[in-house]
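As structure tokens, the structure follows; a few thoughts come after it.
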There are 2 protein chains.
Amino acid sequence: MKFGGTSMAGIERIRVVAARVKREADAGNEVLVVVSAMAGETDRLVQLCREASALADPQEYDVVVASGEQVTAGLLAMTLQNMGAKARSFMGWQLMRASGVHGNARVEKVEGALLDEALNEGTVAVIPGFQGVSEDGRVATLGRGGSDTSAVAIAAGVKADRCDIYTDVDGVYTTDPRIVPQARKLTKITFEEMLELAGVGAKVLQVRSVGLAMRENLPLRVLTAFDDLPGTEIVPELGENDMERNAIAGIAADRNEGRITLTGIADRPGMVAAVMQPLADAGLSVDMIVHAATEGQNASDLTFTVPEAMMAQAAAVLNARKGDIGFSEIHTDDAVAKVSIVGVGIRSNPELAAKMFATLATSGINLLAVSASEIKVSVLVKEDEMELAVRVLHTAFGLDAPRGEAA
Amino acid sequence: MKFGGTSMAGIERIRVVAARVKREADAGNEVLVVVSAMAGETDRLVQLCREASALADPQEYDVVVASGEQVTAGLLAMTLQNMGAKARSFMGWQLMRASGVHGNARVEKVEGALLDEALNEGTVAVIPGFQGVSEDGRVATLGRGGSDTSAVAIAAGVKADRCDIYTDVDGVYTTDPRIVPQARKLTKITFEEMLELAGVGAKVLQVRSVGLAMRENLPLRVLTAFDDLPGTEIVPELGENDMERNAIAGIAADRNEGRITLTGIADRPGMVAAVMQPLADAGLSVDMIVHAATEGQNASDLTFTVPEAMMAQAAAVLNARKGDIGFSEIHTDDAVAKVSIVGVGIRSNPELAAKMFATLATSGINLLAVSASEIKVSVLVKEDEMELAVRVLHTAFGLDAPRGEAA
């Protein structure tokens with residue numbers, strides 16, 4: 001069980017969490033709990049580091065910010081004891097080996113034996129999220145939101161049956177309910193779908209934690225600590241009985257796109273690479289790429305997208321290489337957005353992409369670019385048409401909640 | 001160098017501390033720094049523990065309260081780096097083995113090699129006070145005020161030349177300046193004298209830390225972080241040049257005494273033991289004992305003192321054994337106080353005790369009991385005569401500051 005900062009914000013809420021944990025333990029389950037710092041605490045500690053030193057040493061930063069989860073782990077363990085449950089806390093340095101960069105480390109190994117020992121005695125293990133011990137024996141944190149990843153790594157380390165992530169939303173929705181009030185909570189979603197939805201905007205779980213759960217084949221659940229709603233299961237694949245679920249899991253939208261178009265670019269082998277290489281060298285990641293050579297012409301346009309915040313830098317990089325690359329003009333546009341349908345059904349059903357394009361065309365929405373992967377089809381649209389696009393697709397793919405069941 | 005919570009309360013003060021540490025390092029010294037939590041932070045964490053569980057598990061309590069020093073250690077290390085000094089933090093679990101009761105552990109061993117390595121590289125080592133790692137591999141704290149003890153243990157562990165304790169008073173005074181405005185800051189005091197002064201009321205350093213420094217023969221200094229005043233040196237013994245110092249280091253006063261008198265007690269061998277044993281069995285510590293048998297009488301009075309808070313309990317214990325012990329009446333009095341002269345000179349000069357009694361007699365102060373050790377003579381007086389007693393003794397032993405140099 002993993003509880004986020006909102007669930008740990010103050011002793012009253014910690015008591016609610018403890019009652020929920022105890023219920024699982026009393027039901028005969030072996031329970032490990034991973035906790036975040038109290039809501040706001042990590043921000044407070046980060047701010048102290050900034051005041052102390054604009055360029056804080058990541059190793060010292062880790063020492064400071066890791067303290068928030070240490071506090072909540074101790075408090076939850078003693079609250080559980082106070083309720084009559086056997087419980088103890090473990091510190092990150094006692095059981096979680098991490099590697100890589102301080103402040104953004106990766107989980108390397110979980111000392112499962114230490115945890116198994118506690119579980120075998122019927123003790124609930126409470127573990128601070130977001131931290132471990134680095135190769136040099138120092139406190140290492142996993143980067144913001146890393147408590148989700150801690151929870152998945154620990155669950156995998158003890159070969160848990162399941163990892164339940166308690167957060168301040170009650171599950172994964174078919175799309176952003178602020179755009180579509182009829183958005184519906186999904187009962188089940190696959191890892192792949194979740195990764196595509198998370199990667200393009202659904203901020204329920206840290207992407208890294210979903211990828212890790214997928215590699216470890218560890219089922220997740222996302223649910224809220226403040227209610228007894230069932231939440232959303234995240235599973236390796238949909239079962240026979242899940243086939244009634246829509247082929248499309250959800251609609252993702254992302255305003256954070258910038259479009260760059262190079263005009264009058266010479267048609268020659270390696271031309272796309274000549275554009276992409278300098279961007280890669282500058283650490284700029286390119287998303288959608290559209291290049292349609294026009295028959296019988298020896299020059300054409302190349303359009304691609306980058307994160308909006310990097311658009312100006314990308315244009316500068318390319319302008320500096322204008323002579324080498326060979327193009328006439330560069331156009332940039334940040335008033336664009338990406339809208340995607342995501343679902344494992346796309347793999348086996350090409351009709352779904354066609355239905356997407358037809359639906360958007362019917363609504364008069366112009367497609368600036370298109371890209372597709374195994375389980376996702378994305379289109380680039382004008383930013384002011386994004387919400388309309390999400391709404392019509394949500395309806396067309398049968399995702400709207402029945403009247404009265406809206407989020 | 002050890003800095004208390006007032007010195008670490010906020011980034012501005014941490015910068016003042018860092019500048020002082022850097023000055024020592026720049027002067028060519030190898031420097032280790034032990035820090036307390038920010039003033040108020042440990043109280044906040046203790047309060048959270050109390051709210052979570054009235055009887056908090058000491059092991060979990062330690063996990064929670066130890067976090068305050070972790071934060072200040074990281075912040076001071078990065079502030080030092082920001083000022084251009086080489087610095088890094090070490091956690092208690094990395095280098096300080098502790099044993100005994102969680103929440104009140106003893107320092108067992110300091111991993112000096114790890115620290116020597118840093119010092120040899122010219123790195124300032126910053127260490128959270130008040131904590132170590134227990135035999136079971138968990139966070140263990142040393143009890144409130146334990147950062148002084150951490151500092152002394154670490155200084156001894158690396159065979160430091162000196163341990164400087166920066167606190168919110170600027171040194172050790174001849175007596176409580178609230179009673180005697182002419183109290184003077186001592187330049188030097190011996191460990192023994194400091195222990196006697198601390199034990200009877202001068203709350204400058206944790207008593208345990210002074211005892212440890214004495215065993216390790218490690219000179220201490222007490223001084224303030226907010227000024228460049230010289231502070232007080234605490235040394236194994238006074239040197240040739242210190243002989244000008246008064247034979248008496250200071251006058252201690254303690255209102256926290258309760259007097260118990262048993263009347264009509266039978267004069268027989270083992271009578272004092274018969275009174276003391278039940279008190280010891282109840283965990284009650286007795287301080288001054290006065291028993292003067294009167295020639296030719298077969299019954300007499302026995303008077304002793306206990307801490308005021310335990311007086312009622314002590315009387316109840318004795319009343320329950322009245323028949324076994326054999327006494328007529330029991331009288332208690334909490335309106336008493338203990339006044340002591342403390343100084344290594346007492347050992348070689350019996351005139352000092354005589355001078356004390358004469359001075360008090362001249363002022364009309366009645367002595368309710370007297371006790372003496374090698375370097376201390378204590379008298380029990382009525383509580384409302386305590387301040388007068390301190391003042392006349394302070395003057396008589398030449399401790400008053402010259403006019404214009406008062407504290």
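Table for the structure above
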quantity	calculated
Nonlocal amide H pairs with A:Ala372, under 5 Å, H built at 1.01 Å	A:Ser378
Accessible area that becomes buried as B packs against A, both chains, 1.4 Å probe, Å², nearest 100	3000 Å²
Global form of the protein assembly as shown, assessed from the alpha-carbon gyration tensor, a/c cut-off 1.5	prolate
Where a label projected 7 Å from the Cα of A:Asp334 along Cα→Cβ would reach, residues of segment A:250-286 with amide N under 18 Å	A:254-261, A:284-286
R0 of 60 Å, Cβ-Cβ distance A:Leu367-A:Asn29: FRET efficiency to nearest 0.05	0.75
Sequence-separation-based contact order of segment B:251-396, relative, with Cα cut under 8 Å and 6+ spacing, percent	31 percent
Relative contact order (percent, whole number), segment A:18-157, Cα cutoff 8 Å, 6+ residue spacing	29 percent
Helix-derived mean residue ellipticity, 222 nm - over chain B, DSSP H n ≥ 4, -39500 (n - 2.57), to 500	-10500 deg cm²/dmol
Förster radius 41 Å - calculated FRET efficiency between B:Leu55 and B:Asp267, Cβ distance, rounded to 0.05	0.30
Cα-based shape type of segment A:2-168, given that a ≥ b ≥ c are square roots of the gyration tensor eigenvalues and the cut on a/c is 1.5	oblate
In degrees, nearest ten, helix B:11-26 long axis to first principal axis of chain B (Cα)	80 degrees
Relative packing of A:134-142, B:67-75, which averages over residues the other C-beta atoms within 10 Å, highest first	B:67-75, A:134-142
Neighbour-limited loop hits for trypsin sites (Lys or Arg not before Pro), segment A:332-407 (at most 13 other Cβ within 10 Å; DSSP other than H, G, I, E, B)	A:Arg403
Antiparallel content of DSSP bridges confined to the protein assembly as shown, in %, to 5	70 percent
Most fluctuating residue given options B:Asp324, B:Asp116, B:Asp26, as computed from a GNM of chain B linking Cα atoms under 10 Å	B:Asp324
Rounded, prolate or oblate (a/c below 1.5 giving rounded, otherwise prolate when a/b exceeds b/c) for segment B:79-185 by Cα gyration tensor	oblate
Of B:Ala151, B:Ala274, B:Ala77, the one that fluctuates the most in a GNM where chain B has Cα springs shorter than 10 Å	B:Ala274
Chain B, closest residue to the rotation axis toward A, by beta-carbon, whole angstrom	B:Ser67, 2
Reduction of at least 50 Å² in accessible surface, 1.4 Å probe, comparing all protein chains with the chain by itself, residues of segment A:17-65	A:Leu48, A:Ala52, A:Glu60, A:Val63, A:Val64
Neighbour-limited loop hits for chymotrypsin sites (Phe, Trp or Tyr not before Pro), segment B:152-235 (at most 16 other Cβ within 10 Å; DSSP other than H, G, I, E, B)	B:Phe226
Considering only segment A:2-168, percent of DSSP beta bridges that pair antiparallel, nearest 5	35 percent
FRET E, pair A:Phe226, A:Leu114, Förster distance 41 Å, beta-carbon r, rounded to 0.05	0.85
Leading residue at positive end of dipole, segment B:283-332 (Cβ point charges), from B:Met288, B:Pro307, B:Ala320	B:Ala320
Peptides ranked, highest mean first, by Cβ atoms within 10 Å: ranges B:302-309, A:31-38	A:31-38, B:302-309
Formal net charge of residues neighbouring B:Gly258 (Cβ-Cβ distance under 14 Å; K, R +1; D, E -1)	-3
Portion, in percent, of the accessible area of segment B:251-396 that falls on carbon or sulfur, probe 1.4 Å	50 percent
Count, lysine Cα pairs under 25 Å in chain A, 8 or more residues apart or across chains	28
Residue-normalised accessible area of the protein assembly as shown, given per residue in Å² at a 1.4 Å probe	43 Å²
Selected from A:Gln47, A:Gln297, A:Gln94 as most flexible by GNM, with chain A as the system and alpha-carbon contacts under 10 Å	A:Gln297
Antiparallel content of DSSP bridges confined to chain A, in %, to 5	70 percent
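The values are calculated or read from the model by the stated rules, or taken from the named source; none is laboratory data. On a predicted model such as this, the values are computed, not experimentally measured, just so you know. Using ideal geometry, Cβ is built from the backbone for each residue, glycine included, and neighbour counts are taken over all protein chains shown. Each accessible area value is taken on the protein alone, full model and side chains, heavy atoms only, with ligands, DNA and RNA left out. Shrake-Rupley method; radii C 1.70, N 1.55, O 1.52, S 1.80 Å.
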